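Here the structure is laid out as structure tokens; the discussion comes afterwards.
The values are calculated or read from the model by the stated rules, or taken from the named source; none is laboratory data. Since the model is a prediction, treat every value here as computed from it, not as a measurement. Neighbour counts are summed over all protein chains in view; Cβ atoms, including those assigned to glycine, are modelled from backbone coordinates with ideal geometry.
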Ligand code: UD1
Ligand code: CA
């Protein structure tokens with residue numbers, strides 16, 4: 001028995017198929033759920049088992065798939081399937097690559113992304129304790145459509161697997177399905193794989209035929225029923241892709257809830273596997289926390305917020321915001337309706353308010369850009385307050401230029417900063433200023449011409465209009481003419 005348990009484990013991952021039912025120009029195994037491709041999920045799970053070898057079989061869009069695989073797991077061996085189609089052929093070419101490997105061979109499908117390493121480890125140990133030639137992972141599904149069915153004999157022993165397309169009505173009624181995951185003893189696999197034929201509805205070498213072949217040869221064939229059928233979901237079309245994404249997301253959300261995050265609505269909160277949430281984070285409905293985003297303790301995200309590769313500080317509040325590659329300091333507030341583009345850095349206690357767009361800009365500690373602004377290629381010091389409608393004109397049609405705003409600067413509403421331009425510490429600007437020249441520290445910059453009022457212009461030029469009447473009425477009120485007129489009328 002211990003001999004069985006000491007056997008080395010090799011993994012073969014099948015990823016050569018086209019994924020026709022996806023109707024996609026992207027190979028199926030490169031479609032993503034939880035921020036990672038299907039094949040990346042499978043590679044990660046396989047890696048957790050510490051196998052001696054991992055062989056990935058490719059053919060359709062082989063360069064794309066091989067490139068992605070080697071990016072994720074540089075140590076794996078990528079091998080090409082030839083023109084002979086089918087999962088059986090894929091395993092046959094991979095097995096040849098393993099040479100005279102003796103041990104167990106775990107076969108995984110690149111399109112079955114939700115299985116956890118613990119379930120695979122359980123499959124391998126079931127296989128070893130049964131001293132089986134093959135152990136297939138099965139699952140009982142309410143709707144078995146599309147899967148191969150596990151056919152057992154009267155004693156409950158596994159006889160063979162029949163594909164849906166080849167099944168009789170009785171066979172199709174079976175609800176125990178083949179998850180597409182198997183452990184083979186290498187020698188048994190090697191002895192029998194050459195006997196797999198193509199006499200079936202699809203004219204392909206079915207790996208599933210190995211179950212019938214081994215059972216017919218009197219070898220021990222076992223099946224291990226997955227405790228959670230949902231984890232065996234195979235992705236063949238976009239409906240199953242969405243279902244897999246939903247199941248994975250629910251798993252991720254639960255994990256963070258158990259780590260101390262309040263997530264109000266798991267159904268509308270999407271968190272990538274690579275994102276992290278500290279305890280006492282609150283996530284409100286309609287939020288996307290993606291890629292390498294990290295959210296520190298006490299922060300409140302959402303509702304309706306998307307964070308891509310962001311770093312959110314402690315107790316920050318980010319409301320109805322779209323942000324990518326932004327760093328938000330502790331106790332800062334963002335939104336509602338803010339758009340933070342890459343390289344936005346907001347200091348502690350800072351504010352990026354309503355209808356504000358930022359890009360490649362640093363906003364210092366305690367500084368505020370509260371309303372209706374565009375801040376690009378800008379460095380803002382500490383304690384700054386920009387009036388409503390601050391616009392950095394950073395692009396002159398040829399190149400981008402920088403705006404520098406010193407500590408404690410307060411600007412008037414509706415200012416344009418024509419970059420390159422610098423505003424010295426403590427300076428102030430008037431409403432509507434167009435700042436084209438540097439403002440020295442402590443200066444007041446005004447660029448708008450003094451206001452001139454032309455009295456009586458409306459009455460003279462717009463006689464008989466409602467405006468003229470209103471102007472006259474207000475003028476009368478002030479001067480008391482109305483009273484006089486009435487007196488005259490008497
Ligand atoms: C397969 C199983 C089915 C099982 C289901 C579980 C066979 C014949 N059928 O069906 O019993 O219930 O998975 O999800 O195995 N691939 C190759 N080379 C090929 C063909 C496919 O590497 O020539 C790869 C695909 O890229 C995919 C995996 O093998 O990752 C499964 O292929 P797919 O065509 O999706 O098989 P299913 O019809 O889902
Ligand atoms: Ca499949």
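Below, the figures for the structure above:
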quantity: Total residues in the stretch 57-85, condition within 16 Å of ligand 2 (Cβ to nearest atom) and within 16 Å of residue 28 (Cα to Cα); calculated: 5
quantity: Some residue of the stretch 28-47 being modelled with pLDDT under 95 and closer than 20 Å to residue 119 by Cβ; calculated: no
quantity: Options 166, 155: the member that is modelled with pLDDT under 95, assigned by TED's automatic domain parsing to the domain that holds residue 11 and farther than 17 Å from residue 141 by Cα; calculated: 155
quantity: Yes/no for residue 108 being surrounded by fewer than 24 Cβ atoms within 10 Å (Cβ to Cβ) and in contact with a strand residue (DSSP E or B) (Cβ under 8 Å, 6 or more places away or on another chain); calculated: no
quantity: Qualifying strands (runs of 3 or more DSSP E) (wholly inside the stretch 385-458; at least 2 residues being in contact (Cβ under 8 Å) with a residue 24 or more places away in the chain); calculated: 391-393, 403-405, 416-418
quantity: Yes/no for residue 202 being within 16 Å of ligand 1 (Cβ to nearest atom) and in the same structural domain as residue 156 (by TED's automatic domain parsing); calculated: yes
quantity: Some residue of the stretch 184-191 being over 14 Å from residue 137 (Cα atoms), within 16 Å of ligand 1 (Cβ to nearest atom) and modelled with pLDDT of 95 or more; calculated: yes
quantity: Meets criteria (part of a strand (DSSP E or B) and within 24 Å of the chain's Cα centre (by Cα)) for residue 362; calculated: no
quantity: Matching entry among 158, 181, 196, 150 (being more than 24 Å from residue 121 (Cα to Cα), surrounded by 16 or more Cβ atoms within 10 Å (Cβ to Cβ) and within 15 Å of ligand 1 (Cβ to nearest atom)); calculated: 196
quantity: Filter result (buried (at least 20 other Cβ atoms within 10 Å of the Cβ) and in contact with a helix residue (DSSP H, G or I) (Cβ under 9 Å, 6 or more places away or on another chain)) within the stretch 23-37; calculated: 27, 28, 29, 30, 31, 33, 34, 37
quantity: Of all residues in the stretch 135-147 being in contact with a strand residue (DSSP E or B) (Cβ under 7 Å, 6 or more places away or on another chain) and over 24 Å from residue 12 (Cα atoms), the one that is surrounded by the fewest Cβ atoms within 10 Å (Cβ to Cβ); calculated: 140
quantity: Test set (1) in a loop (DSSP other than H, G, I, E, B); (2) away from ligand 2 (no atom under 16 Å from the Cβ); (3) touching a helix residue (DSSP H, G or I) at 6+ places or on another chain (Cβ under 6 Å) - residue 40 fails condition number; calculated: (1)
quantity: When residues of the stretch 226-236 are limited to those that are crowded, with 17+ Cβ neighbours inside 10 Å and part of a loop (DSSP other than H, G, I, E, B), the one farthest from ligand 1 (Cβ to nearest atom); calculated: 226
quantity: Any hit, the stretch 147-160, residues being touching a residue at least 24 places away in the same chain (Cβ under 8 Å) and under 30 Å from residue 272 (Cβ atoms); calculated: yes
quantity: Residue match in the stretch 87-104 (condition: surrounded by 23 or more Cβ atoms within 10 Å (Cβ to Cβ), more than 24 Å from residue 202 (Cα to Cα) and either at pLDDT below 95 or away from ligand 2 (no atom under 16 Å from the Cβ) (or both)); calculated: yes
quantity: Among (1) outside the structural domain of residue 345 (by TED's automatic domain parsing); (2) surrounded by 22 or more Cβ atoms within 10 Å (Cβ to Cβ), the one test that residue 378 misses; calculated: (1)
quantity: All positions within the stretch 114-136 that are within 16 Å of ligand 2 (Cβ to nearest atom) and assigned to a loop (DSSP other than H, G, I, E, B); calculated: 114, 115
quantity: Top-ranked residue of the stretch 7-32 - restricted to ones that are touching a strand residue (DSSP E or B) at 6+ places or on another chain (Cβ under 6 Å) and closer than 18 Å to residue 206 by Cβ, ranked as nearest to ligand 2 (Cβ to nearest atom); calculated: 14
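Let's see how each residue does on (1) within 13 Å of ligand 1 (Cβ to nearest atom); (2) more than 26 Å from residue 133 (Cα to Cα); (3) under 24 Å from the mean Cα position of the chain (by Cα); (4) in a loop (DSSP other than H, G, I, E, B):
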position: 70; (1), (2), (3), (4): no, yes, yes, no
position: 84; (1), (2), (3), (4): yes, no, no, yes
position: 94; (1), (2), (3), (4): yes, no, no, no
position: 112; (1), (2), (3), (4): yes, no, yes, yes
